[in-house]
1. Pairs only if they're at least six apart or on different chains, beta carbon under 6 angstrom, first in region 74-97 and touching a residue at least 12 places away in the same chain (Cβ under 8 Å), second open to solvent by 50 Å² or more (accessible area, probe 1.4 Å) and assigned to a loop (DSSP other than H, G, I, E, B); list them, first residue then second.
2. Could you please find all residues in region 98-108 being surrounded by fewer than 16 Cβ atoms within 10 Å (Cβ to Cβ) and either within 20 Å of G50 (Cβ to Cβ) or in contact (Cβ under 8 Å) with a residue 24 or more places away in the chain (or both)?
3. Do you know which of the residues in region 54-80 that are loosely packed, with under 11 Cβ neighbours inside 10 Å and not hydrophobic (A, V, I, L, M, F, W, C) is farthest from L137 (Cα to Cα)?
4. If a residue counts only when it is under 19 Å from the mean Cα position of the chain (by Cα), which helices (runs of 4 or more DSSP H) contained entirely in region 1-78 have at least 3 such residues?
5. Could you check region 17-30 and list, in sequence order, the residues that are open to solvent by less than 60 Å² (accessible area, probe 1.4 Å) and either of a type in the set (V, I, T) or in contact with a helix residue (DSSP H, G or I) (Cβ under 9 Å, 6 or more places away or on another chain) (or both)?
6. Could you tell me whether any residue of region 80-94 is outside any helix (DSSP H, G or I) and more than 18 Å from the chain's Cα centre (by Cα)?
7. Any idea how many residues of region 130-155 are part of a helix (DSSP H, G or I) and either among the basic types (K, R) or exposed (fewer than 14 other Cβ atoms within 10 Å of the Cβ) (or both)?
Amino acid sequence: MVTPTIEIQDKAIQDYLKQVQRKLGDLTPLMKTISETIHTAVQRNFQTEGARLPGGKWQDLADATKKERSKIGKWPGSILQVNRNLLGGISPDYDSTTAAVGSNMPFKKGYAAIHHFGGKAGRGKGFTMPARPFFELANEDLEDIQQDAVDYLEK
């Protein structure tokens with residue numbers, strides 16, 4: 001399985017961050033702030049069930065899934081949040097040149113990846129799980145990241 005990553009494709013933000021790095025050297029404090037901004041964005045993706053993202057709201061749960069969750073007292077509820085292990089396992093990470101957000105849910109076993117990307121799941125891979133991307137950024141998040149950099153420079 002591939003670990004999902006958020007790559008900022010916005011050339012203006014990339015160029016701006018490169019300029020900041022050339023001028024300031026160690027960007028650890030800025031990368032910490034940006035990773036926290038991305039972490040907050042991912043949390044909002046869960047809260048809105050993807051509605052804030054360009055791809056729109058995540059596909060609803062299957063009726064059979066709702067029935068099973070009802071039996072254990074977990075429905076009505078939120079998509080991808082039966083026990084909050086997935087959301088609770090997402091955390092920010094950073095160093096002097098990188099801001100990231102990752103999951104402690106094992107990607108080798110595919111738990112977080114299958115929920116993010118979708119694909120064949122279940123016993124015998126007989127079920128197709130829809131993609132419910134949570135490691136994505138909305139335009140407002142990119143604006144927040146750019147503002148993080150501006151604020152850092154103005155300090």
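The values are calculated or read from the model by the stated rules, or taken from the named source; none is laboratory data. What you see is a predicted model, and the numbers here were worked out from it, not measured in a lab. Glycine also receives a Cβ, built like all others from the backbone with ideal geometry; neighbour counts cover every protein chain displayed. All accessible areas refer to the heavy atoms of the entire protein, side chains included, with ligands and DNA or RNA removed. Shrake-Rupley method; radii C 1.70, N 1.55, O 1.52, S 1.80 Å.
1. Here the result reads V82/K74; G89/N104; S96/D26, each pair linking region 74-97 to a residue that is open to solvent by 50 Å² or more (accessible area, probe 1.4 Å) and assigned to a loop (DSSP other than H, G, I, E, B).
2. T98, K108
3. K71
4. 28-47
5. Result: L17, V20, L27, T28, L30.
6. No: zero hits.
7. 8
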